[in-house]
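Engineer: The following block contains the structure, expressed as structure tokens.
The values are calculated or read from the model by the stated rules, or taken from the named source; none is laboratory data. Values in this document were obtained by computation on a predicted structure and should not be read as measured data. Cβ sites come from the backbone with ideal geometry, for glycine too, and all protein chains shown count toward neighbours. Just so you know, the surface numbers come from the protein's heavy atoms only, side chains and all, with ligands and any DNA or RNA stripped out. Shrake-Rupley method; radii C 1.70, N 1.55, O 1.52, S 1.80 Å.
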Amino acid sequence: MRSSSALLAFAIAAAASAHAGEAHPQPAAATAAAPPDEPRAPTAPVAAAGTPAASADRPAVPVEAASSPAVPVEAASSPAAPADAPATPASSPAAPAGIEVTVEGNRAPPGSVSLSRRDIRELPGALGDPYRAIEIQPGVTSIASGMPYYYIRGAPPGNIGYFFNSIQVPLLFHVGAGPSVIPASMVQRVEMHLGPYPADIGRLAGAAIEAESAPPSDVWRGEGSLRFIDLGGVVEGPVDRDTHVLVGGHYAAGAALTSALVPSVDVGYADYQGRVTYRLGPEERFTVFAFGAYDYLASIDEDGDAEATNVLLDSDFHRLDLRYDREDASGARVRAAITLGLDQSRGVGVESAQAWKLNARMSMARPILGGRALLRAGADAAVDRYQVTPRPSPPTEGEPADGADDEPAEGTAQLDESFPELFRSRLDLALGAWADALLVLGERSTLTPGVRVDHYTSLGRTAVAVDPRIVGRFGVGEHVRLIPAFGVASQLPGLAPLPALQIGGIPGGLQRSLQSSFGVEASVGPVNFSATAFRQVTFGLSDPIGTGRGTNLSTERFLTRSLGDTYGLELGARGALRRDMFFLASYTLSRSTRTRGEATIPSAYDRTHVAHVALLYDLGRGWRAGIRHVFYTGFPADEAAPGRPPREHPDRIQPFYRLDMRLSKRWALSARSYLGLVLDVQNATLAKEVFDVSCDDSGCTPQTIGPVTMPGIAIEGGF
């Protein structure tokens, strides 16, 4: 019996099964970094150890709280050179400006790992995308090689939230291995909150991936890229002293060529961004930001002269954000914002689904106690109007099938039956309030208690969540820090991060997660080490793709709840081995289980060992190279079926190993312009991967895809 878990895993990764054994080109790095010799936009102030990094909502703690000397972002990758020194000879373009990627439990430093934009850009397999860099971090498990959809500390993809400038979006990446929906050149910092999160992030029981835009450039600049499948770029600059504009986007111009090379797949995507920032005064600014994305993915099955198209994803989303920011000389900040949105999905379980969104929020932050504490508080409200159109009912017995000769497949028919029950037309309301305080206890120690309260209403049902959390950071000497954390997080029933598909009515109540960890950070010269023991227990977990593999796609499967329990050890290291060589390494040892009744089984995507090692080289004269090793052990080889319950200790599929390689060259055309060429190959070893299993009375048979390799050549340029 063939499992349908691939269909549940967003249908996106399932497309790989449609062309198993076919290797096809894949885009390489998406977006160029800052042009050489361009004045860098100022980055956010480096916060004190254990304090929130500066942002519009989370200003940095006063300098008195500093626990240790701050290390410049670029210095992490080139410790022997000054922060502003070029990483290449004078005849070659300078390295791109720094971009922080932070993994943490509190807000930036506790448990943080920072990557410069150059490191991300040159990371093989990341495709030049800062968001993808999170997959090399401890605690992250991809559902399949190269697919940017993750289990994070056992939390399923439906419990992972994606944010850009505090605006939640349903998807952060385009279909398949496409680029992120936000160009890398717009991003200043990416943070992955493993839990507990900052108090202003709520309504999630898993993890949060949050990006913050770079500040407006004070000179006109532009970046662009041409890849095998798409082209894109960003242009921004000042119109006058007080007004700044930005426009950008991606378009899958080569989608038709891709479909011609791989006839079993039809793919397309596009995105757009537009921003106007107006300075109202020395302490105030008003910003209008519009962005959105479209994605389409379908598998095409040929049966003789007929073709059957199975739509796996057909969706789009749009956001319009209006915000007012004020910051005074004392460091106090205020933000008021309203976001309008529209999410749409078509052809996946329903004829169409729309979600019209209105989100209003206000936040403030103020240093108190003479700079020994930072008080933050805020409130938000979200109104979502869902309009769902079910698929037409199948013809009754004896009635002609209106041009269709075949009945829908069993899995598709079950989705058509269950989705209208799960996703109903309705009006949902969520109200929230939060507060936290960062307390400076000593020269190297901080403590951040916080609480968030949310009230939910859907289809006449209500629920209330009170989520406390506390995170500490305590310096032991000059080079060692201890980071304990504990918190509670709550969320509505989830399915997957698909636009406009949110289960209505709060069936089974809220998911509630207890998140705890104890970490140690240490620095030895230019190398940073981290080790974290964690446990995350989720009551009433909604995880239809991880609770068990199987062909049943009925409403019961999507509404089934379990006790999710994930625990393990995360190890990480990064730093400069030499001036021209940088490394990143991570290892996760974990166990993730699901308990229903008296039976406890491993999660369908439980992998005991996950390891990444990357080496980045500066070869000189504008040449850069990198290799990346990816290894993880197999998931449980089991499938639930009538009369065949899942086993508590099933066999495992074979481990998987992948090698990624990247080579790039950049030429300086002038003081501020450049041209670059990138060759990026994901899965250079042409390794095959087991994506699913099919089980019967005689045992389980692995379903292998590949070798799926992603070679690509990109031309990049900027001024």
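Engineer: Hey, among the residues in segment 692-719 that are open to solvent by 10 Å² or more (accessible area, probe 1.4 Å) and under 17 Å from residue 605 (Cα atoms), which one's nearest to the chain's Cα centre (by Cα)?
Structural biologist: 705
Engineer: I'm checking my understanding of the structure. Among residues of segment 143-156 that are outside any loop (DSSP other than H, G, I, E, B) and within 25 Å of residue 707 (Cα to Cα), which one is modelled with the highest pLDDT?
Structural biologist: Pass one, segment 143-156, residues outside any loop (DSSP other than H, G, I, E, B): 150-152, 155.
Adding the requirement that they be within 25 Å of residue 707 (Cα to Cα) leaves 150-151.
On the way: 150: 86, 151: 91.
That would be 151.
Engineer: If I go through segment 362-386 residue by residue, how many of them are farther than 18 Å from residue 492 by Cβ and either surrounded by 17 or more Cβ atoms within 10 Å (Cβ to Cβ) or in contact with a strand residue (DSSP E or B) (Cβ under 9 Å, 6 or more places away or on another chain) (or both)? Explain how you work it out, then say what you get.
Structural biologist: Within segment 362-386, the subset farther than 18 Å from residue 492 by Cβ is 362-379.
From what is left, the residues that are either surrounded by 17 or more Cβ atoms within 10 Å (Cβ to Cβ) or in contact with a strand residue (DSSP E or B) (Cβ under 9 Å, 6 or more places away or on another chain) (or both) are 362-369, 371-379.
Counting residues in segment 362-386 that are farther than 18 Å from residue 492 by Cβ and either surrounded by 17 or more Cβ atoms within 10 Å (Cβ to Cβ) or in contact with a strand residue (DSSP E or B) (Cβ under 9 Å, 6 or more places away or on another chain) (or both) gives 17.
Engineer: Are any of the residues in segment 443-453 basic (Lys, Arg), more than 30 Å from residue 312 (Cβ to Cβ) and surrounded by 17 or more Cβ atoms within 10 Å (Cβ to Cβ)? Talk me through it step by step, then tell me what you get.
Structural biologist: Step one: list which residues in segment 443-453 are basic (Lys, Arg), which gives 444, 452.
Then keep just the ones that are more than 30 Å from residue 312 (Cβ to Cβ); that gives 444, 452.
Restricting the remaining residues to those that are surrounded by 17 or more Cβ atoms within 10 Å (Cβ to Cβ) gives 444, 452.
Yes, segment 443-453 contains a residue that is basic (Lys, Arg), more than 30 Å from residue 312 (Cβ to Cβ) and surrounded by 17 or more Cβ atoms within 10 Å (Cβ to Cβ).
Engineer: Right, another one. Out of all the residues in segment 341-356, which are more than 21 Å from the chain's Cα centre (by Cα) and either farther than 20 Å from residue 273 by Cα or surrounded by 20 or more Cβ atoms within 10 Å (Cβ to Cβ) (or both)?
Structural biologist: The first filter runs over segment 341-356 and keeps only residues more than 21 Å from the chain's Cα centre (by Cα), leaving 346-356.
Matches in segment 341-356: 346, 347, 348, 349, 350, 351, 352, 353, 354, 355.
Engineer: Now for a separate question. Look through segment 210-228, keep the residues that are acidic (Asp, Glu) and out of contact with any Pro (no Cβ under 8 Å at 6 or more places or on another chain), and return whichever of them is least open to solvent (accessible area, probe 1.4 Å). Write out each step before concluding.
Structural biologist: Initially, segment 210-228 is screened for residues acidic (Asp, Glu), giving 210, 212, 218, 223.
Applying the additional criterion that residues be out of contact with any Pro (no Cβ under 8 Å at 6 or more places or on another chain) yields 210, 212.
Numbers: 210: 12, 212: 38 Å².
In this case the residue turns out to be 210.
Engineer: On to the next question. Taking segment 526-580 as the region of interest, how many residues are within 25 Å of the chain's Cα centre (by Cα), within 30 Å of residue 507 (Cα to Cα) and part of a strand (DSSP E or B)?
Structural biologist: Residues flagged as within 25 Å of the chain's Cα centre (by Cα), within 30 Å of residue 507 (Cα to Cα) and part of a strand (DSSP E or B) within segment 526-580 amount to 14.
Engineer: Scan segment 681-691 residue by residue and report those that are open to solvent by less than 20 Å² (accessible area, probe 1.4 Å) and in a strand (DSSP E or B).
Structural biologist: 682, 689, 690, 691
Engineer: Hey, any hits in segment 278-291 for a residue that's outside any loop (DSSP other than H, G, I, E, B), touching a Pro at 6+ places or on another chain (Cβ under 7 Å), of a type outside the set (D, E, K, R) and farther than 25 Å from residue 679 by Cβ? Outline the logic, then answer.
Structural biologist: Applying the first criterion (outside any loop (DSSP other than H, G, I, E, B)) to segment 278-291 yields 278-281, 284-291.
From the residues that got through so far, the ones that are touching a Pro at 6+ places or on another chain (Cβ under 7 Å) too are none.
No, segment 278-291 has no match at all.
Engineer: I would also like to ask the following. Taking the residues in segment 606-639 that are assigned to a strand (DSSP E or B), of a type in the set (Phe, Trp, Tyr) and under 30 Å from residue 701 (Cβ atoms) as candidates, determine which candidate is most open to solvent (accessible area, probe 1.4 Å).
Structural biologist: Residues of segment 606-639 assigned to a strand (DSSP E or B): 609-620, 623-632, 636.
Going one step further and asking which of them are of a type in the set (Phe, Trp, Tyr), we end up with 617, 623, 631-632.
From what's left, under 30 Å from residue 701 (Cβ atoms): 631-632.
Numbers: 631: 81, 632: 14 Å².
By that ranking, first place goes to 631.
Engineer: Mind listing just one residue for me: the one in segment 654-680 that is among the aliphatic types (A, V, I, L, M) and either in contact (Cβ under 8 Å) with a residue 60 or more places away in the chain or crowded, with 22+ Cβ neighbours inside 10 Å (or both) and, of those, farthest from residue 122 (Cα to Cα)? Give the derivation first.
Structural biologist: Residues of segment 654-680 that are among the aliphatic types (A, V, I, L, M), as a first pass: 659, 661, 663, 668-669, 671, 675, 677-679.
Now drop any that are not either in contact (Cβ under 8 Å) with a residue 60 or more places away in the chain or crowded, with 22+ Cβ neighbours inside 10 Å (or both), which leaves 661, 668, 671, 678-679.
Details: 661: 10, 668: 18, 671: 22, 678: 10, 679: 11 Å.
The qualifying residue farthest from residue 122 (Cα to Cα) is 671.
Engineer: Let me spell it out: the conditions are (1) touching a residue at least 40 places away in the same chain (Cβ under 8 Å); (2) within 30 Å of residue 423 (Cα to Cα); (3) open to solvent by 10 Å² or more (accessible area, probe 1.4 Å), and residue 469 meets all of them except one. Which number is the exception?
Structural biologist: (2)
Engineer: Give 718, 712 a once-over and let me know the one that is in contact with an Asp or Glu (Cβ under 8 Å, 6 or more places away or on another chain) and either modelled with pLDDT of 85 or more or closer than 20 Å to residue 632 by Cα (or both). Lay out the reasoning, then the answer.
Structural biologist: Values: 712 fails: either modelled with pLDDT of 85 or more or closer than 20 Å to residue 632 by Cα (or both).
Selected residue: 718, the only one of 718, 712 that is in contact with an Asp or Glu (Cβ under 8 Å, 6 or more places away or on another chain) and either modelled with pLDDT of 85 or more or closer than 20 Å to residue 632 by Cα (or both).
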